[in-house]
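See structure below.
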Amino acid sequence: MKLHKLLDSLGTFGNYTEENPEITSIENDNRKVIQGSLFICVKGYTVDGHDFAKSAVDKGAVAVLAERDLDLTVPVIVVKNTSRSMAILADAFYEQPSHKLHMIGITGTNGKTTTSHLIDTIFADAGQKTGLIGTMYTKIGDQTFEVKNTTPESLTLQKTLRKMVDEKVETTVMEVSSHALVHGRVHGTDYDVAVFTNLTQDHLDYHKTMEEYKKAKGLLFSQLGNSFNHQKPKYAVLNADDPTSVEYERSTAAISFTYGIDNDADLQAKNIQMSASGTSFDLVSPFGVHKVNIQLIGKFSVYNVLAAIGTALVSGLPLAAIISSVEKVKGVSGRFEPVDAGQDFSVIVDYAHTPDSLENVLNTVRQFAQKRIFVVVGCGGDRDRTKRPLMAKIACENATDAIFTSDNPRSEDPEQILRDMEEGVSEENYTKITDREEAIRYAVRQANDGDVILIAGKGHETYQKIGDKVFDFDDREIAFSAIKQRKEQ
Ligand SMILES: CC(=O)N[C@H]1[C@@H](OP(=O)(O)OP(=O)(O)OC[C@H]2O[C@@H](n3ccc(=O)[nH]c3=O)[C@H](O)[C@@H]2O)O[C@H](CO)[C@@H](O)[C@@H]1O[C@H](C)C(=O)N[C@@H](C)C(=O)N[C@H](CCC(=O)O)C(=O)O
Ligand SMILES: Nc1ncnc2c1ncn2[C@@H]1O[C@H](COP(=O)(O)OP(=O)(O)OP(=O)(O)O)[C@@H](O)[C@H]1O
Ligand SMILES: N[C@H](CCC[C@H](N)C(=O)O)C(=O)O
Ligand SMILES: [Mg+2]
C-alpha cells in the first residue's frame, strides 16, 4: 500500500510528505523492521520507541511515524499520539479485517477466558471456523499461537484478524482487557457483540480507583455501535446481577440483552442444582424454558454459561444446538481443573487470582467438601498490592488450612508480598511457605481421605516469573508428582 493512501486513513488535513513510497509492513519494534516498513515510534513504560527510529531506518524502514520531528533520511510524519494513529493505520493496512468477521469482545474482571472458550465451542459446533484471542493463546481453527498479552496491541491485533479473514474464519471471540481499552489496543475494532461478565477488584495498581477501572471496561460498550444498522444490529450482552451493567447499558447504542440468576433478565437460570460432577438449571429464555445440565461447577460457571448462550442467541444460532454444545464442555484448562493421580482426596488447580474469584471458588469447594479444605495461594508481584490482604483474609476465612506462598513475584521481593498478604489476617492461622513447589508438596503431604486441596492463582500457566527469570512451573505437574511421591512412601 502506498504511504499516501495509508496516511489518508488518519483523516487529518496535514500535507505530511511529498514522498510516497510503497509500504510493505508496519512495525513498532525495530527488531521486526524489513525493507519498506513504516516504523511507528511508541513511548512505552520501559523504553521510548523514538530511540529506535534510526536503527529502524538502517534496517530498511522507508518512513517513520513519530510524536516529534526526528533527524532521519526518510520522511518523518509527526502526529499527536502515535499509539492511536497506529490503531487506525493498522486497521487500514490490513483492510479492516474486523468488518469481515462476526466479532465478539468480552470484558469483565473474571470469567473472560472461560466464557470465550464456551463461545468458541458453540460456534465451532455450529460448523463455523472460529478464531479466539485471549490469555492462553491465539487460536485459528485448531491451531494455537503463543501470546504475550491477553489483548494484543493494535498492530498485532489487526494482523491477527487479517490472518483469520484469510484463513476463512467466520466468528472471532476475544478477551478485551481493561488495559487494552485504556491503551486503545482495540481502537477501531468493529465488534458485533460486546459481553460483560462482572466487575470486582483487580488492577488497582494501574487504574487507581474502582471508578476508573469501571470506566475503562465501559469503553467497550460506549464504543459499540453508535449508529443503527438494522441489517446487522449490534448487541451488548450484560450481566443483570452486576449493578455496573445499568451504566454500560446507558452508555451504548447497541441493543442490550441481559442474563442473570438473582435478577430478572432476558436469559435467566432458575432452580440451580449443584453436585460434585456438574450443575443443572432451568434456562428461562425468550424461546421458553429448557433444562440445562453442564459439567462445570459453581454459581460463577452458570454466569459464564449464560453469557455464552446469550452471545450465541443474539448471533442467531438456534437454542437447542447451543445448549447441547455447552453441555458437552468438560472445562477449560487451569479453571477448576482436577488433578487425579488416584489419590483419596481432591486436588483442584484454579486461576483465581482476584479476591472475588478466590471467594467464589472457595465457596464452591465448600459446598462439596466433607472434611478439611487446604488452599495454596499467593499474589503476583508488580500487580495490584491492595488485593493481597483481601485474598489472604478470604483464604483464611473459607479454608480450614491456608498456605500462603509465591505466585509470580516478578521484580518484587517474595517475602514482602507475603508480608502484604499477612496484613489481612490477624491470627497466625495459616502456614507460610515461600517456595511454591514446597507449598504444594506440603499440602499434599498433609491431606487425608476426603479432604480438598485448592491450588489457586496460576491455573494454566506453565512458568513462574521470579526476578527477571522465567522458570518452567506447572501447578498440575507438581501436584501430580507430589501425590505419586506420597504414594510411594
Ligand atoms: C504495562 C503494559 O501494558 N505494557 C505493555 C507495553 O509495554 P511497554 O510500554 O513496556 O513497552 P516498551 O518495552 O517500553 O516499548 C515501547 C516501544 O518500543 C519498541 N521497542 C522496544 C524495545 C526495542 O528493542 N525496540 C523497540 O522498537 C516496542 O516495540 C514499543 O513499541 O507494550 C507491550 C507491547 O504491546 C506490551 O506487551 C506490554 O504489556 C506487558 C507485557 C504487560 O504485562 N501488560 C499487562 C499490564 C497487561 O496489559 N495486561 C492485560 C491483561 C490484564 C487482565 O488479564 O485483566 C493484557 O491485556 O495483557
Ligand atoms: N463469572 C465469574 N465470576 C467470578 N469468578 C469467576 C468467573 N468465572 C471464572 N471465575 C474465577 O476466576 C478465575 C479466572 O477465570 P478466567 O480465566 O475465565 O477469567 P479472566 O477474566 O479471563 O481472567 P484474566 O483477566 O486473568 O484473563 C477462574 O479460575 C475462577 O476461579
Ligand atoms: N492477567 C492477570 C493474570 C494474573 C495471574 C497471576 N498468576 C499473576 O501472575 O499475578 C495479570 O497479569 O494481572
Ligand atoms: Mg483471561
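Can you name every residue in the range 170-206 that is out of contact with any His (no Cβ under 9 Å at 6 or more places or on another chain), of a type outside the set (G, A, S) and more than 23 Å from S256 (Cα to Cα)?
H183, Q201, L204, D205
Can we say A321 is modelled with pLDDT of 95 or more and in contact with a Leu (Cβ under 6 Å, 6 or more places away or on another chain)?
Values: modelled with pLDDT of 95 or more: yes; in contact with a Leu (Cβ under 6 Å, 6 or more places away or on another chain): no.
In short, no.
Look at T400 and say whether it is surrounded by fewer than 19 Cβ atoms within 10 Å (Cβ to Cβ) and touching a Leu at 6+ places or on another chain (Cβ under 7 Å). Can you show your working first?
Working: surrounded by fewer than 19 Cβ atoms within 10 Å (Cβ to Cβ): yes; touching a Leu at 6+ places or on another chain (Cβ under 7 Å): no.
When the stated conditions are applied, T400 does not pass them.
Of all residues in the range 152-180, how many are under 12 Å from A87 (Cβ atoms) and within 14 Å of ligand 3 (Cβ to nearest atom)?
2
Only one residue in T82, T46, T73, T24 is hydroxyl-bearing (S, T, Y), within 27 Å of Q96 (Cβ to Cβ), open to solvent by 50 Å² or more (accessible area, probe 1.4 Å) and without any contact (Cβ under 8 Å) to a residue 60 or more places away in the chain. Which one? Please lay out each step first, then the result.
On the way: T82 fails: open to solvent by 50 Å² or more (accessible area, probe 1.4 Å); T46 fails: within 27 Å of Q96 (Cβ to Cβ); T73 fails: within 27 Å of Q96 (Cβ to Cβ).
Going through T82, T46, T73, T24 in turn, the sole match is T24.
Right, E477: open to solvent by less than 40 Å² (accessible area, probe 1.4 Å), at pLDDT 95 or above, more than 16 Å from ligand 2 (Cβ to nearest atom) and more than 24 Å from E359 (Cα to Cα) or not? Step through it out loud before you land on a result.
Numbers: open to solvent by less than 40 Å² (accessible area, probe 1.4 Å): no; at pLDDT 95 or above: yes; more than 16 Å from ligand 2 (Cβ to nearest atom): yes; more than 24 Å from E359 (Cα to Cα): yes.
When the stated conditions are applied, E477 does not pass them.
With respect to the numbered conditions (1) within 16 Å of ligand 4 (Cβ to nearest atom); (2) within 17 Å of K458 (Cβ to Cβ); (3) not small (G, A, S), which one is the sole condition not fulfilled by D356?
(2) is the only condition that D356 fails.
Each row is one residue, and each column tells you yes or no for (1) touching a residue at least 40 places away in the same chain (Cβ under 8 Å); (2) within 16 Å of ligand 3 (Cβ to nearest atom).
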{"site": "Q96", "(1), (2)": "yes, no"}
{"site": "M103", "(1), (2)": "yes, no"}
{"site": "T107", "(1), (2)": "yes, yes"}
{"site": "G111", "(1), (2)": "yes, yes"}
{"site": "I119", "(1), (2)": "yes, no"}
{"site": "G127", "(1), (2)": "no, no"}
{"site": "T150", "(1), (2)": "no, yes"}
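Working only within the range 374-389, note down all residues that are away from ligand 3 (no atom under 14 Å from the Cβ) and either open to solvent by 10 Å² or more (accessible area, probe 1.4 Å) or touching a Gly at 6+ places or on another chain (Cβ under 6 Å) (or both). Please lay out each step first, then the result.
In the first step, residues of the range 374-389 are kept if they are away from ligand 3 (no atom under 14 Å from the Cβ); the result is 374-375, 389.
Across the range 374-389, the qualifying residue is only P389.
On the basis of being away from ligand 1 (no atom under 15 Å from the Cβ) and of a type in the set (S, T, Y), does T151 make the cut? Break it down into steps so the answer makes sense when it comes.
Working: away from ligand 1 (no atom under 15 Å from the Cβ): no; of a type in the set (S, T, Y): yes.
Considered against the rule, which asks whether it is away from ligand 1 (no atom under 15 Å from the Cβ) and of a type in the set (S, T, Y), T151 comes out as no.
Within the range 109-146, count every residue that is open to solvent by 50 Å² or more (accessible area, probe 1.4 Å), within 16 Å of ligand 4 (Cβ to nearest atom) and outside any strand (DSSP E or B).
Residues flagged as open to solvent by 50 Å² or more (accessible area, probe 1.4 Å), within 16 Å of ligand 4 (Cβ to nearest atom) and outside any strand (DSSP E or B) within the range 109-146 amount to 2.
Kindly list, by first and then second residue, each pair from a residue in the range 442-453 that is of a type in the set (S, T, Y) to a residue that is at pLDDT 95 or above and open to solvent by 10 Å² or more (accessible area, probe 1.4 Å), limited to pairs with Cβ atoms under 6 Å and residues at least 6 apart or on different chains.
Listed by first residue and then by second, the contacts come to Y442/I433.
Which residue pairs have Cβ atoms under 9 Å apart, sit 6 or more places apart or on different chains, and have a first residue in the range 193-211 that is modelled with pLDDT of 85 or more and a second that is within 12 Å of ligand 2 (Cβ to nearest atom) and of a type in the set (D, E)?
Close Cβ pairs satisfying both conditions: F196/D242; T197/D242; N198/D241; N198/D242; N198/D356; L199/D242.
The values are calculated or read from the model by the stated rules, or taken from the named source; none is laboratory data. Being a predicted model, the structure only gives us computed values, none of them experimental. Note: ideal-geometry Cβ built from the backbone for every residue, glycine included; neighbour counts use all protein chains shown. With ligands, DNA and RNA removed, areas are computed over all heavy atoms of the protein, side chains included. Shrake-Rupley method; radii C 1.70, N 1.55, O 1.52, S 1.80 Å.
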